[in-house]
Amino acid sequence: MITTTTADSVLKSYYLDAVAEQLNKEANPFLAAIEQTTSDVWGKDVRKAAVVGVHGGVGAGTEEGDLPKTGTGGYKQLVSTLKNLYGRIEISDKAVRASRGDEGAFVDLLNAEMEQLLRSSSFNFGRMLFGDGTGKLGTVTTASDDVYTLDSARNFAVGMIVDVVAATGDALASGRTVTAVDYANKKITLSGEELSSAAGASIYMQGSRNLEITGLGAIFSSSETLYGLKRSENAWLNPVTISVGAAITENDVQKAIDYVEETAGSKVNFILCSWGVRRALCEALSAYKQLGSVELAGGTRAVTFNGIPVVADRFCPSGTMYLLNTDDFRLHQLCDWQWLEGENGRILSQVPGKPVYTATLVKYAELLCSRPCGQARLTNITES
């Protein structure tokens, strides 16, 4: 007979490894290319020693002269807090009881819930990789009835639950559901009453404001600090940004790759861009019949630029291309994905006051780039 105890056992023994593998390797090609490690985790923080410049103890000398002096610097400590990442499923008591005598129906029930969890988690974790850690999804330009026009709708999907915060920082609404998305016209529809004062407000992922991982948006931002250090005092914390202002050419990309290798000793091995930029690059390369392709970890196929995979991502800002060295990135984690267990070791727990059981998947992690100066970004590219 199928019970919640049976469900607990199945979630632990069967689904956990499969879900972790898909979220780590198949959810996003960029994430799959980054090493995930438990090293440099100290309590609730990540503390990583980053090498800056070269060692000072090298030089030529005479046969009997003094040996070269060693440098006293060369290291900086990067510090960031582990972020709390969650994913939840819900199963009604009625659904569990209805499938007690039918194992196939019960498996179908769990499969449907896990597929929704994977889809939602992949969407949101992929979005975080390009975010600035604030959880901001977009800015409202105008509002009419329950329809909100935004600066961009790429971070939204039907079913998301969001919070609306005024430009002053005051909360206007929380727990609103996205009921429709018009990507072409940059509009979304939210549940609940109209927010007449929403113009200029920001929309955030529910409860996530300033709590998400440090994504590319933060690394390439103009913020004063990064990983607890001041950019003004540590020039190596500043990645390279070049405005193209026209259709992209092969030379634009190669110059950026050459620049970071020349100035930072970094070798670009992964290119991320928007869909329109990838089309524009393909047009530029196809004229010289230089298009190649490669299969990445997780099974994704990508075109290549001089052997470097070029991956288009829906969350990459329009007109933008990132040229990255994935060896400089680590996803530091306290542990891999785990089910949140109660005091009795149970995964499924009843929601207080409701005939519903819930299970929560959790991971405590943070994304760190140990050499921001070795990364580059091309902006203002004319898309195709």
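The values are calculated or read from the model by the stated rules, or taken from the named source; none is laboratory data. Since this is a predicted model, take the numbers as computed values, not measurements. Methodologically, a virtual Cβ is constructed for each residue, glycine included, from the backbone with ideal geometry; neighbour enumeration extends over all protein chains shown.
Listed values, structure above:
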{"read-out": "Residues (part of a loop (DSSP other than H, G, I, E, B) and not aliphatic (A, V, I, L, M)) located in the range 197-207", "value": "S197, G200, Q206, G207"}
{"read-out": "Leading residue by the ranking (nearest to K267 (Cα to Cα)) among those in the range 318-363 that are out of contact with any strand residue (DSSP E or B) (no Cβ under 6 Å at 6 or more places or on another chain) and of a type in the set (D, E)", "value": "D327"}
{"read-out": "V46, sole failed condition from (1) closer than 17 Å to D328 by Cβ; (2) surrounded by fewer than 17 Cβ atoms within 10 Å (Cβ to Cβ); (3) modelled with pLDDT of 85 or more", "value": "(2)"}
{"read-out": "Whichever residue in the range 272-321 is among the acidic types (D, E) and exposed (fewer than 14 other Cβ atoms within 10 Å of the Cβ) and, among such residues, is farthest from F125 (Cα to Cα)", "value": "E283"}
{"read-out": "Test: residue in the range 173-185 that is within 23 Å of S318 (Cα to Cα), outside the structural domain of L324 (by TED's automatic domain parsing), acidic (D, E) and part of a loop (DSSP other than H, G, I, E, B)", "value": "no"}
{"read-out": "Residue list for the range 366-382, restricted to those being under 26 Å from A49 (Cβ atoms), out of contact with any Ser or Thr (no Cβ under 6 Å at 6 or more places or on another chain) and assigned to a strand (DSSP E or B)", "value": "L368, C369, A376"}
{"read-out": "Only one of V19, V46, V10 that is in contact with a strand residue (DSSP E or B) (Cβ under 8 Å, 6 or more places away or on another chain), in a helix (DSSP H, G or I) and β-branched (V, I, T)", "value": "V19"}
{"read-out": "Those residues of the range 334-364 which are surrounded by fewer than 22 Cβ atoms within 10 Å (Cβ to Cβ), assigned to a strand (DSSP E or B) and of a type outside the set (F, W, Y), in sequence order", "value": "Q338, S349, Q350, V356, T358, T360, V362"}
{"read-out": "Selection within the range 61-84 - hydroxyl-bearing (S, T, Y), closer than 30 Å to T38 by Cβ and modelled with pLDDT under 90", "value": "Y75"}
{"read-out": "Qualifying residue in the range 24-38 (condition: β-branched (V, I, T), farther than 15 Å from W339 by Cα and more than 17 Å from the chain's Cα centre (by Cα))", "value": "yes"}
{"read-out": "Which listed residue, of T225, T179, is touching a Ser or Thr at 6+ places or on another chain (Cβ under 7 Å) and either within 30 Å of S266 (Cα to Cα) or of a type in the set (V, I, T) (or both)", "value": "T179"}
{"read-out": "Residue that is surrounded by the fewest Cβ atoms within 10 Å (Cβ to Cβ) [pool: residues in the range 224-238 that are farther than 21 Å from Q36 by Cα and touching a residue at least 40 places away in the same chain (Cβ under 8 Å)]", "value": "A235"}
{"read-out": "Scan of the range 199-245 for residues that are in contact with a strand residue (DSSP E or B) (Cβ under 6 Å, 6 or more places away or on another chain), closer than 18 Å to S318 by Cα and small (G, A, S), ordered by number", "value": "S243"}
{"read-out": "Only one of G265, G245 that is loosely packed, with under 14 Cβ neighbours inside 10 Å, within 18 Å of P372 (Cα to Cα) and in contact (Cβ under 8 Å) with a residue 40 or more places away in the chain", "value": "G265"}
{"read-out": "Among the residues listed as I219, I248, the single one being at pLDDT 95 or above and not basic (K, R)", "value": "I219"}
{"read-out": "Every residue from the range 186-196 that is in a loop (DSSP other than H, G, I, E, B) and either assigned by TED's automatic domain parsing to the domain that holds M128 or under 14 Å from T139 (Cβ atoms) (or both)", "value": "K186, L195"}
{"read-out": "E35 out of contact with any Cys (no Cβ under 7 Å at 6 or more places or on another chain), assigned by TED's automatic domain parsing to the domain that holds S99, loosely packed, with under 12 Cβ neighbours inside 10 Å and modelled with pLDDT of 80 or more", "value": "yes"}
{"read-out": "Within the range 160-174, considering residues that are in contact (Cβ under 8 Å) with a residue 12 or more places away in the chain and more than 28 Å from Q116 (Cβ to Cβ), the one surrounded by the fewest Cβ atoms within 10 Å (Cβ to Cβ)", "value": "A167"}
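Condition check ((1) touching a Lys or Arg at 6+ places or on another chain (Cβ under 7 Å); (2) farther than 27 Å from R88 by Cα; (3) not hydroxyl-bearing (S, T, Y)) across all residues:
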position	(1), (2), (3)
L150	yes, yes, yes
A173	no, no, yes
T179	no, no, no
S196	no, yes, no
A199	no, yes, yes
Y204	yes, no, no
G207	no, no, yes
